[in-house]
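The values are calculated or read from the model by the stated rules, or taken from the named source; none is laboratory data. Given the structure is predicted, the values throughout are model-derived calculations rather than measurements. Counting neighbours? That spans all protein chains shown, and the Cβs are built from the backbone with ideal geometry, glycine included.
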Amino acid sequence: MIALSGLAVVGSQWGDEGKGKMIDYLAKKADMVVRGQGGNNAGHTVVIEDKKYALHLIPSGVLNQNAINIIGNGVVFDPRGFFEELEMLEKDGVDTTKIFVSDRAHIVFPYHRKMDELFERARGKADIGTTKKGIGPCYMDKIERSGLRTCDMFDEASFIEKLSYEIDRKNDMIVKLFEEEPLDKQAIIDEYVDYAKRLLPYIKDTSILVYDAIKQGKNVLFEGAQGSMLDIDLGTYPYVTSSHPTSGGFTAGCGIGAGSISEVLGITKAYTTRVGKGPFVTELDDEIGDKIREIGHEFGVTTGRPRRCGWFDGVVVKYSARINGLTGIALMLLDVLSSFDTIKLCYAYDYKGEQIVDFPARLDALEECKPVYREIKGWNKDITGCKTYEELPEETKEYIKAIEETIGVPVKSISVGPKRDQTILRDEIF
Ligand code: GDP
Ligand code: IMO
Ligand code: MG
């Protein structure tokens, strides 16, 4: 049994690794679940019996009735999305009284969504393939120091004044730069003044709540959104999101000290997917890729787009292990590989005839990298009912071992289906 306070859970690839499932699973032992970055660009699926929940902004711990769920200061907060999600949960009888939003979180406005769309259009063929949720433009305003935060909502008159000024500025750009119709200023103000009133009970200095929980030795789970390769600094820039999905993102994004995190679990798909544009060395643009997409139901939760699929990229996950300080891996969607005769695992890239194992920064270098594969015999058996590691076929164990050898981090849990009970724990995580 490990005595822990802070467990960080991060996506180790390009997002959609199954974070929602694992966070819900681990949250049964958590006192608090905290998001620290991203916004409602995230799409985290939790399956409970026959019901499927898609969470975008509210932490995936909410379906366990004990934990306090926190949206930290590093999150870009879309009130429209928040209330839609809240309503969906309340309809299903989920207790939503233990959700708090940081008073320092930046607010997403309709002009951010509009700018997201216009910037993408202007990029033409070089578009990023964003979720169009206004994430990048909201972080732009934050960094440029013109954003509005949830604490600005407390004083209605000054909130309206600041918001009016920003809408005018954005309408100027929309009209003059993009030659589009301006947004309806009064409609935005009315909508957001109403949100401000409804949000008051949720807004708190959440850093204090997290600090107190850690100090009291409570089980605090930090929920990552997106994936490490989408990190603004460490990912495949510019084909990334605008925040820090790596473990470092939790310190600034939740207002905690670095010592508050003692374990970092990398949620890792047994193969690789990516939604949106950007380099992807092990991508399978063929019938094998189609088969993975079909069996894994690889379509985006937020945008419905088909996800690009490929074999497991060990270079990516090894890089992820280093930049996150991964102490364990939760291997997800392993059952999706159950009907392949041979499974390939990329352990290096061939770059101009030379084998490299460190993930390169340059996109043009990445474009030239070819995967170097190790082949593993498939197990060709249904593993969705396996409850223990011992029950797994020998070939499946070989594949898990090969992943551990490539990454140098232990696989602490194995997921063989989307449901809570389709989880095999090899080691105490929380
Ligand atoms: P997240 O963004 O990391 O939370 O992942 P998503 O929810 O976007 O995508 C993961 C998908 O895989 C969801 O549809 C999950 O229900 C599903 N899933 C999670 N774990 C497993 C698993 O072990 N096997 C299968 N077949 N599906 C899984
Ligand atoms: P979860 O939490 C997968 C991708 C988008 C795009 C890029 C930038 O479900 O794993 P953005 O709208 O963030 O500016 O888009 O990042 N992206 C994700 N891909 N899973 C996600 O979240 C993602 N969130 C953003 O597709 O390529
Ligand atoms: Mg997702």
**Q.** Failed item in (1) touching a residue at least 40 places away in the same chain (Cβ under 8 Å); (2) polar (S, T, N, Q); (3) out of contact with any helix residue (DSSP H, G or I) (no Cβ under 6 Å at 6 or more places or on another chain), with T384 passing the rest
**A.** (3)
Q) Can you name the residue in the range 16-51 that is farther than 28 Å from R308 by Cβ and of a type in the set (V, I, T) and is also surrounded by the most Cβ atoms within 10 Å (Cβ to Cβ) among such residues? A) V34
Q) Looking at the range 37-48, is at least one residue within 13 Å of ligand 1 (Cβ to nearest atom) and more than 16 Å from the chain's Cα centre (by Cα)? A) yes
Q | Matching entry among I68, I99 (being within 25 Å of G328 (Cα to Cα), among the aliphatic types (A, V, I, L, M), buried (at least 21 other Cβ atoms within 10 Å of the Cβ) and in contact with a strand residue (DSSP E or B) (Cβ under 6 Å, 6 or more places away or on another chain)) | A | I68
Q. Using beta carbons and a limit of 9 Å, which pairs, at least six apart or on different chains, have the first residue in the range 293-313 and farther than 18 Å from G278 by Cβ and the second one in a loop (DSSP other than H, G, I, E, B) and of a type in the set (D, E)?
A. V301/D16
Q: Identify all residues within the range 293-314 that are surrounded by 24 or more Cβ atoms within 10 Å (Cβ to Cβ) and assigned to a helix (DSSP H, G or I); write none if there are none.
A: G314
Q) Given the structure, is G300 at pLDDT 95 or above and small (G, A, S)? A) no
Q. Does the range 203-227 hold any residues that are of a type in the set (F, W, Y) and crowded, with 20+ Cβ neighbours inside 10 Å, and which are they?
A. F222
Q: Kindly list the number of the only condition in (1) within 14 Å of ligand 1 (Cβ to nearest atom); (2) buried (at least 18 other Cβ atoms within 10 Å of the Cβ) that fails for A54.
A: (2)
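Residue by residue, here is whether (1) within 16 Å of ligand 2 (Cβ to nearest atom); (2) in contact with a strand residue (DSSP E or B) (Cβ under 9 Å, 6 or more places away or on another chain) holds:
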{"site": "V316", "(1), (2)": "yes, yes"}
{"site": "Y319", "(1), (2)": "no, no"}
{"site": "L333", "(1), (2)": "yes, yes"}
{"site": "L337", "(1), (2)": "no, yes"}
{"site": "P360", "(1), (2)": "no, yes"}
{"site": "K381", "(1), (2)": "no, no"}
(Q) Which numbered condition in (1) farther than 29 Å from K133 by Cβ; (2) of a type outside the set (K, R); (3) within 16 Å of ligand 2 (Cβ to nearest atom) is the only one that G304 fails? (A) (1)
Q.
within 16 Å of ligand 3 (Cβ to nearest atom) and in contact (Cβ under 8 Å) with a residue 24 or more places away in the chain: is that true of N66 in this structure?
A. no
(Q) Give me the residue from the range 132-158 that is away from ligand 1 (no atom under 16 Å from the Cβ) and among the aliphatic types (A, V, I, L, M) and, out of that set, surrounded by the most Cβ atoms within 10 Å (Cβ to Cβ). (A) M153
Q: Search the range 315-334 for residues being under 22 Å from R420 (Cα atoms) and buried (at least 23 other Cβ atoms within 10 Å of the Cβ), and hand back the single one that is farthest from ligand 1 (Cβ to nearest atom).
A: I329
Q.
So, in the range 315-368, exactly how many residues are more than 27 Å from T396 (Cα to Cα) and within 25 Å of the chain's Cα centre (by Cα)?
A. 7
Q: Answer yes or no: is there a residue in the range 274-291 that is part of a helix (DSSP H, G or I), surrounded by fewer than 20 Cβ atoms within 10 Å (Cβ to Cβ) and within 19 Å of the chain's Cα centre (by Cα).
A: no
Q) Condition test on S5, is it closer than 27 Å to Q216 by Cα and surrounded by 24 or more Cβ atoms within 10 Å (Cβ to Cβ)? A) no
